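The values are calculated or read from the model by the stated rules, or taken from the named source; none is laboratory data. Worth saying up front: this structure is predicted, and the values here are computed from it rather than measured. Please note that ligands, DNA and RNA were not included when accessible areas were found on the heavy atoms of the full protein model with its side chains. Shrake-Rupley method; radii C 1.70, N 1.55, O 1.52, S 1.80 Å.
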Amino acid sequence: MSGSFLAEAFDGREVYSGALLLGFTIVGLVWSFGINRVPAADPAKRFHLTSLIDVGSPMKVIRRDSVLGWR
C-alpha cells in the first residue's frame, strides 16, 4: 500500500520515497532495541520438527477458504 502511495506522491523523485522508507526502517530498528528480553518458559524443552504440523493444518484451511486466502 505504501509503495503505490509513495510512487504517486513522489513521481519522478523516487530517491525521496526511498529515503523516507529507509528512515522508517531505521526508526523501527532503533525502537525495537527497547523491547525487553523475556526468559524462556522452559529452557530445557527442545524444539521438535513435528510441531510444524500444527502450523500446516490451519494453513490448509486458510488456503481452501476464499475470504481467508484472498482469492
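Angle of helix 14-32 to the longest C-alpha principal axis of the chain, folded into 0 to 90 degrees and rounded to 10: 40°. Name the residue, out of L21, L29, L49, whose mean-square fluctuation peaks in a Gaussian network model built on the chain with Cα pairs under 10 Å. Comparing L21, L29, L49 in the GNM, the peak value goes to L49.
To the nearest µm²/s, what D does Stokes-Einstein give for the chain at 25 °C and 0.890 mPa s, using the Kirkwood radius over alpha carbon pairs as Rh? Let's see the in-between values first.
Numbers: Rh = 17.1 Å.
Once the numbers are plugged in, D ends up at 144 µm²/s.
Sum -39500 (n - 2.57) across every DSSP H segment of at least 4 residues in the chain, then divide by the residue count to get the 222 nm mean residue ellipticity, nearest 500.
Values: 3 runs with 39 residues, N = 71.
Helix-only estimate at 222 nm: -17500 deg cm²/dmol.
Surface exposure of the chain, expressed per residue as accessible area with a 1.4 Å probe, stands at 99 Å².
Computed with a 1.4 Å probe on the full set of protein chains, the accessible area for L22 sits at about 100 Å².
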